[in-house]
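The values are calculated or read from the model by the stated rules, or taken from the named source; none is laboratory data. Source: prediction; values computed, not measured. For neighbour counting, all protein chains shown are included, and Cβ atoms are generated from backbone atoms with ideal geometry for every residue, glycine included.
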Amino acid sequence: MEYIDLRSDTVSHPTVAMREAMAKARVGDDVYRDDPTVNQLEADAAEIFGMEAAVFVTSGTQGNLCALMSHCQRGDSIIVGDLSHIYEFEQGGMAQIGGILPRTVPVQADGTLCLDDIEKAIYPDDEHKPVTRLIGLENTHNAAGGMPISAAYTTAVAEFARNKGLILHIDGARIFNAAAAYGVDVKELAAGAHSVTFCLSKGLCAPAGSILMGSHDFIRRARRARKALGGSLRQAGILAAAGLIALHEMKDRLHEDHEHAMLLAEGLSEIPDINIESQNTNFVVFSLSQRAKLSVDAFVGSLRAEYNIFMSPYSRGEKHVRMRTHYWIDKKVIEKVVAAVSSVLS
Ligand code: TLP
């Protein structure tokens, strides 16, 4: 990449191997289920997660919405974190398109939801109230700064959900990062969930696409929802070919991104006026001290103008700067970033 882009891991370009695989991909019309590469990606993903079936969707947002629309009736309510991506960053698609009412509970600093809070958010069986249908978790948790959620916690929520007759959906956009952080199989992180999504196009580097998984019957309904949302593609094997490399190869190197995020945080922490707020998985969040000569916006603007380095100003109360490492951010790039930040602030 001719510039250094740390705004997100979504910015990662496909690898050379992905571009070659895309050029050679065997394709067919996926709406007829004729695309062998899509079929293989779906089958492999389901097997890796220990789920019955999977469907390729265009994005994480579409995967989450297909899941909610397939699990819920219009008028149902779901319990999600107040800082969850599904609630905060998907334009309220569940309400706008699915007719689903979100009921939020606070996201804890570690990205989890308290079971007591969830319990209180379940509507009683009362005709005045919507029917509570589902609990949504997020792993890793974006707004909590890339916090990985443990298998023990997920299993506890899954058991709680089953006891209450509720469905558990996991927005696992970066669940492979959580698996890398805990050194566990994703199967363990998905155990007990009724459905899980993960993204091929974030740290896994594919140009587009996500996977939604669950039971055969659920995936049949999710395919219908995907069609209604305009997400049924034709020769999608071109994308799935990159997805297969993401799934089989790129997931195994995510620990490198985590090590790089740690190096980046360490390097930046040496610079006066930089306070590291958090570093989890491939996320680094920092703030500028009161004494810094630049505001966050001016700092981000100078890095872009003078060094072609892109970071995201990020505001929840106080303004912070957000960075994510990915395949294209190696040790040399990190050295350049630390030197540039130091010079912009000196
Ligand atoms: N998140 C993007 C932006 O939308 C904020 C990012 O740069 O992090 N779940 C989670 C936890 C996500 O972080 C995202 C993307 C999604 C779902 C949606 O995925 P896409 O962008 O593929 O629709």
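Worth a mention:
- No other residue among Ala67, Ala43, Ala25 is in contact with a helix residue (DSSP H, G or I) (Cβ under 6 Å, 6 or more places away or on another chain) and either under 23 Å from Glu90 (Cα atoms) or among the small types (Gly, Ala, Ser) (or both) apart from Ala25.
- Residue match in the range 298-311 (condition: touching a His at 6+ places or on another chain (Cβ under 9 Å) and touching a residue at least 12 places away in the same chain (Cβ under 8 Å)): no
- Residue in the range 237-249 that is under 21 Å from Ala151 (Cα atoms) and assigned to a helix (DSSP H, G or I) present: yes
- Taking every residue in the range 79-96 that is assigned by TED's automatic domain parsing to the domain that holds Ile167 and pairing it with any residue that is among the basic types (Lys, Arg) and within 14 Å of the ligand (Cβ to nearest atom), at least 6 positions away or on another chain, yields no pair with a Cβ-Cβ distance below 6 Å.
- In summary, helices (runs of 4 or more DSSP H) completely within the range 63-139 and bearing 2 or more residues that are surrounded by 20 or more Cβ atoms within 10 Å (Cβ to Cβ) and within 16 Å of the ligand (Cβ to nearest atom) occur at 85-88.
- When Gly192 is tested against (1) at positive phi; (2) of a type outside the set (A, V, I, L, M, F, W, C); (3) surrounded by fewer than 16 Cβ atoms within 10 Å (Cβ to Cβ), exactly one condition is not met: (3).
- On the stretch given as the range 123-168, residues that are of a type outside the set (S, T, N, Q) and under 14 Å from Gln108 (Cβ atoms) total 12.
- Qualifying residue in the range 254-271 (condition: part of a loop (DSSP other than H, G, I, E, B), surrounded by fewer than 24 Cβ atoms within 10 Å (Cβ to Cβ) and not assigned by TED's automatic domain parsing to the domain that holds Gly99): yes
- Sole residue being over 26 Å from Gly145 (Cα atoms) and either among the charged types (D, E, K, R) or over 20 Å from the mean Cα position of the chain (by Cα) (or both), chosen from Gly50, Gly75: Gly75
- Among (1) in contact with a Phe, Trp or Tyr (Cβ under 6 Å, 6 or more places away or on another chain); (2) outside the structural domain of Leu189 (by TED's automatic domain parsing) - the single one Glu2 does not satisfy: (1)
- From Ala143, Ala152, residue being more than 11 Å from the ligand (Cβ to nearest atom) and either over 25 Å from Ser12 (Cα atoms) or surrounded by fewer than 24 Cβ atoms within 10 Å (Cβ to Cβ) (or both): Ala152
- Among the candidates Arg226, Arg234, Arg174, residue that is assigned by TED's automatic domain parsing to the domain that holds Gln62 and surrounded by fewer than 21 Cβ atoms within 10 Å (Cβ to Cβ): Arg234
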